[in-house]
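Right, one structure below, let's go through it.
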Amino acid sequence: HCLNDLLFRQRGGQLPVEIPAVFGNHPELKEMADFYGIPFEHHPISSDADKRAFEQMLRDFIKSAGVELIVLARYMQVLSPEFCAEFEGRIINIHHSFLPGFKGANPYAQAHARGVKLIGATAHFVTADLDEGPIIEQNVVRVEHSDSKKRLVSIGQDVESKTLTQAVRWFAERRVLLDGDRTIIFS
């Protein structure tokens, strides 16, 4: 859902970025990338050696293509501390704002079972500390006790897409300034 939103808005001229490629550790996003005419490369990661090789390939690509921003969306791997340091302030991640409350699989099912009243999303810069990087954008949406798990997922995916797209837009417009462990967003 996040990748689709980014690709849709970029193609429609609503997001001032170029997207040279999509790299995935799972093949599911290939059809979407193909639909938008973006090259897709599948790189399964099942060992530390795979991860090191992927990160080195990605480094080479970033440098040769002049990539300014790396966006993580459904990349369910922890980047190495070295990679995070090398590209500090240039990697954005998105996650639901249930962390750390509902970690692991099925956070929306966990949230539904606990009767949450707000769900949201946080877009942040990636650091070596998992999901602890400087926050760029956050959004929340009120939900009702009568909302099903399926409805929570739908609402959550919408807010995740909106939040990530806004963070990428601000970065592309040079409106995000890293200030230690936080960001300053220029109006």
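The values are calculated or read from the model by the stated rules, or taken from the named source; none is laboratory data. Just so you know, these numbers come straight off a predicted model, no measurement behind them. Cβ: placed from backbone, ideal geometry, glycine included. Neighbour counts: every protein chain shown. In case anyone asks, the SASA skips ligands and DNA or RNA and just uses the protein heavy atoms, side chains included. Shrake-Rupley method; radii C 1.70, N 1.55, O 1.52, S 1.80 Å.
Name the residues in the range 1-10 that are open to solvent by 60 Å² or more (accessible area, probe 1.4 Å) and either in contact with a strand residue (DSSP E or B) (Cβ under 7 Å, 6 or more places away or on another chain) or not in a helix (DSSP H, G or I) (or both), would you?
If the condition is that a residue be open to solvent by 60 Å² or more (accessible area, probe 1.4 Å) and either in contact with a strand residue (DSSP E or B) (Cβ under 7 Å, 6 or more places away or on another chain) or not in a helix (DSSP H, G or I) (or both), then His1 is the only one that fits.
May I ask you to say which residue of His112, His145 is more than 18 Å from the chain's Cα centre (by Cα), surrounded by 17 or more Cβ atoms within 10 Å (Cβ to Cβ) and of a type outside the set (Phe, Trp, Tyr)?
Details: His145 fails: surrounded by 17 or more Cβ atoms within 10 Å (Cβ to Cβ).
Just a single option satisfies the conditions, and that option is His112.
Which one of these is under 16 Å from the mean Cα position of the chain (by Cα), open to solvent by 60 Å² or more (accessible area, probe 1.4 Å) and basic (Lys, Arg): Lys162, Lys103, Lys117? Quick ask: steps written out before the conclusion?
Values: Lys103 fails: under 16 Å from the mean Cα position of the chain (by Cα); Lys117 fails: under 16 Å from the mean Cα position of the chain (by Cα).
Checking each option against the conditions leaves just Lys162.
Under the condition of being part of a helix (DSSP H, G or I) and open to solvent by 50 Å² or more (accessible area, probe 1.4 Å), which residue from the range 11-29 is nearest to Arg175 (Cα to Cα)? Write out each step before concluding.
Within the range 11-29, the first condition is being part of a helix (DSSP H, G or I), and the residues that meet it are 11, 27-29.
Those still in the list that are open to solvent by 50 Å² or more (accessible area, probe 1.4 Å) too: 11, 27-28.
Working: Arg11: 22, Pro27: 33, Glu28: 32 Å.
Among those that are part of a helix (DSSP H, G or I) and open to solvent by 50 Å² or more (accessible area, probe 1.4 Å), it is Arg11.
Of everything in the range 30-45, what is assigned to a loop (DSSP other than H, G, I, E, B) and small (Gly, Ala, Ser)? Give them in sequence order. First the steps, then the outcome.
Residues of the range 30-45 assigned to a loop (DSSP other than H, G, I, E, B): 36-39, 43-45.
Hit for the range 30-45 is Gly37, nothing else.
I'm told Ile94 meets every condition in (1) open to solvent by 60 Å² or more (accessible area, probe 1.4 Å); (2) within 25 Å of Glu41 (Cβ to Cβ) except one. Can you identify the failing condition by its number?
So the condition that Ile94 fails would be (1).
Quick test of your reading of the structure: Phe98 fulfils all but one of (1) assigned to a strand (DSSP E or B); (2) free of Cβ contacts under 8 Å to residues at least 40 places away in the same chain. Name the failing condition by number.
Status for Phe98: all satisfied but (1).
Scan the range 46-54 and tell me whether some residue there is more than 18 Å from Glu82 (Cβ to Cβ), assigned to a helix (DSSP H, G or I) and not charged (D, E, K, R). Before you say what the answer is, go through the steps one by one.
Filtering the range 46-54 down to residues more than 18 Å from Glu82 (Cβ to Cβ) leaves 46.
Filter once more, keeping what is assigned to a helix (DSSP H, G or I): none.
Scanning the range 46-54 turns up no residue that is more than 18 Å from Glu82 (Cβ to Cβ), assigned to a helix (DSSP H, G or I) and not charged (D, E, K, R).
Checking Ala128 against (1) surrounded by fewer than 15 Cβ atoms within 10 Å (Cβ to Cβ); (2) small (Gly, Ala, Ser); (3) closer than 30 Å to Lys51 by Cβ, which single condition isn't satisfied?
Going through (1) surrounded by fewer than 15 Cβ atoms within 10 Å (Cβ to Cβ); (2) small (Gly, Ala, Ser); (3) closer than 30 Å to Lys51 by Cβ one by one, Ala128 breaks only (1).
List the number of the failed condition for Ala73; all other conditions in (1) over 25 Å from Gly133 (Cβ atoms); (2) buried (at least 19 other Cβ atoms within 10 Å of the Cβ); (3) among the small types (Gly, Ala, Ser) hold.
(1)
Could you check Ala53 against (1) within 17 Å of the chain's Cα centre (by Cα); (2) open to solvent by less than 80 Å² (accessible area, probe 1.4 Å); (3) among the aliphatic types (A, V, I, L, M) and say which number it fails?
Just one mismatch for Ala53, condition (1).
A quick yes/no check of all residues on (1) on the phi > 0 side of the Ramachandran plot; (2) modelled with pLDDT of 90 or more; (3) part of a loop (DSSP other than H, G, I, E, B):
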site: Gly89; (1), (2), (3): yes, yes, yes
site: Ala109; (1), (2), (3): no, no, no
site: His112; (1), (2), (3): no, no, no
site: Ala123; (1), (2), (3): no, yes, no
site: Asp129; (1), (2), (3): no, no, yes
site: Gln138; (1), (2), (3): no, yes, no
site: Ser146; (1), (2), (3): no, yes, yes
site: Leu152; (1), (2), (3): no, yes, no
site: Ile155; (1), (2), (3): no, yes, no
